[in-house]
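S.K.: A single structure is presented below for examination.
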Amino acid sequence: SIDWLLGLTQQGNIGTDILPEAFQVDDYSSSIFEKNLEWHREASGYKIRYVPTTLPDLLKTEAVAEYEFNRYGSGKVDQSVRDNQLLLLQQRHPGSELETCMSLQHVTSFANGEGIWQGLSLAHRREQLQRMIDLNDELYPGFRWFLYDGKQTYSSSFTIFGPMRATLFLGHLYVIVNGIDQIRKLTDRFDDLIRIAKVHPHEISQF
């Protein structure tokens, strides 16, 4: 707390008492993929909120999934493609509700083949853009995709599975959040991203 930092109190550990129950950490292994699918199933009937690392998983083409995961080996690639297909099937189920939010610069960088996408061919990028247009039109309004201005704010990748849990992606580590107060804070942050969005779900395809 601020009081502790300023030396006004000696109770420096007051905020850490809830950490063992509120947080878990898991490495980037095959088990986390399986847990992710299980958490999506468990959250059926609740709204899932999602800030992706690159592009929304359920919209990715096989070529993009392979490009992203080729450094992990073929097993990881195959599993990623399969899991993305399962997420798409789940989203097509009546009653599924998923909101995703990311920076518009992520999309334009992908389209232009900039940054991490420099090695992905123009043909594969065009295929991916068209797939995102088609699936966005198909899945709306159960799937709602918002784009905010990355020059205005920043967000790391996280997913909120209704009121049950949230996960933060930290490269090779996932932080799993179970505390209701922490989940509520992340939900508030996600809602803030939507409030400042520059591109809304009905505008995504045109964008």
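S.K.: Tell me the Rg and the Dmax, in Å, that the Cα atoms of the stretch 135-176 produce.
M.R.: Just the Cα atoms of the stretch 135-176 yield Rg and Dmax of 13.5, 33 Å.
S.K.: Over all alpha-carbon pairs of the stretch 99-158, lay out the pair-distance distribution in 5 Å bins, whole %, shortest bin first.
M.R.: Reading upward from the zero bin: 4, 16, 22, 24, 22, 12, 1.
S.K.: To the nearest µm²/s, what D does Stokes-Einstein give for the stretch 152-207 at 25 °C and 0.890 mPa s, using the Kirkwood radius over alpha carbon pairs as Rh?
M.R.: Details: Rh = 12.7 Å.
Translational D for this selection: 193 µm²/s.
S.K.: Right, here's the next one. In debye, nearest 20: dipole of the stretch 98-207 around its Cα centre with unit charges on the Cβ of K, R (+) and D, E (-)?
M.R.: Values: 11 positive and 12 negative charges, 46 e Å.
It works out to roughly 220 debye.
S.K.: Let me ask something else about it. In straight Cα distance, which lysines are under 27 Å from residue 198, not counting same-chain residues fewer than 8 positions off?
M.R.: 47, 60, 151, 185
S.K.: With the cut-off at 19 Å, report for the stretch 84-207 the share of all Cα pairs above it, as a whole percent. Show your work: numbers first, answer last.
M.R.: Working: 4345 of 7626 pairs.
Above the 19 Å cut-off, the stretch 84-207 has 57 percent of its Cα pairs.
Readers should treat all values here as calculations from the given coordinates under stated rules, not as data from a laboratory. None of the values given here were measured: they were computed from a predicted structure. Every residue, glycine among them, receives a Cβ derived from its backbone with ideal geometry; neighbour counts consider all protein chains shown.
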